[in-house]
Amino acid sequence: MEKKKNEKSEEKKVSIKVVQDFLDKFDTTIRYEAGTVLEFETERAADVVSRGLAEYSEPIG
C-alpha cells in the first residue's frame, strides 16, 4: 500500500495557462485569472483544459 502513496506523490505535473478566469474546484476562495501560468497534476490539467478554462503551455509527452 505504501507504494501507491509514493506513486501518487510522484505524479507528473504539467504547466497550463489560464485563458478564462475560474475558481478552484477544491477551494472556491482561490481564483485563477486569465494569463496566469499554473502547474497542475496531469489529470487535473486535462480537466481544466477540456472545459476551455486553460491551455497547455508546454508540450505533453
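FYI, it's all coordinate maths here, none of it is from the lab. None of these values were measured; they are calculated from a predicted model. Note: ideal-geometry Cβ built from the backbone for every residue, glycine included; neighbour counts use all protein chains shown.
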Hey, what did region 11-56 get for relative contact order, percent, Cα under 8 Å, at least 6 apart?
50
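Determine by what factor the alpha-carbon radius of gyration of region 11-56 differs from 2.2 N^0.38 Å, reporting the quotient.
1.02
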What FRET efficiency comes out for the pair GLU11/VAL37, r = Cβ-Cβ distance, R0 = 22 Å, nearest 0.05?
0.70
Burial ordering of THR29, THR36, fewest other beta-carbon atoms within 10 Å first:
THR29, THR36
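State the extension gain, in nm to one decimal, for the chain segment bounded by ARG44 and ILE30, taking 0.36 nm per residue of separation less the distance between their alpha-carbons.
Taking 0.36 nm per residue and subtracting the Cα distance, the gain is 3.5 nm.
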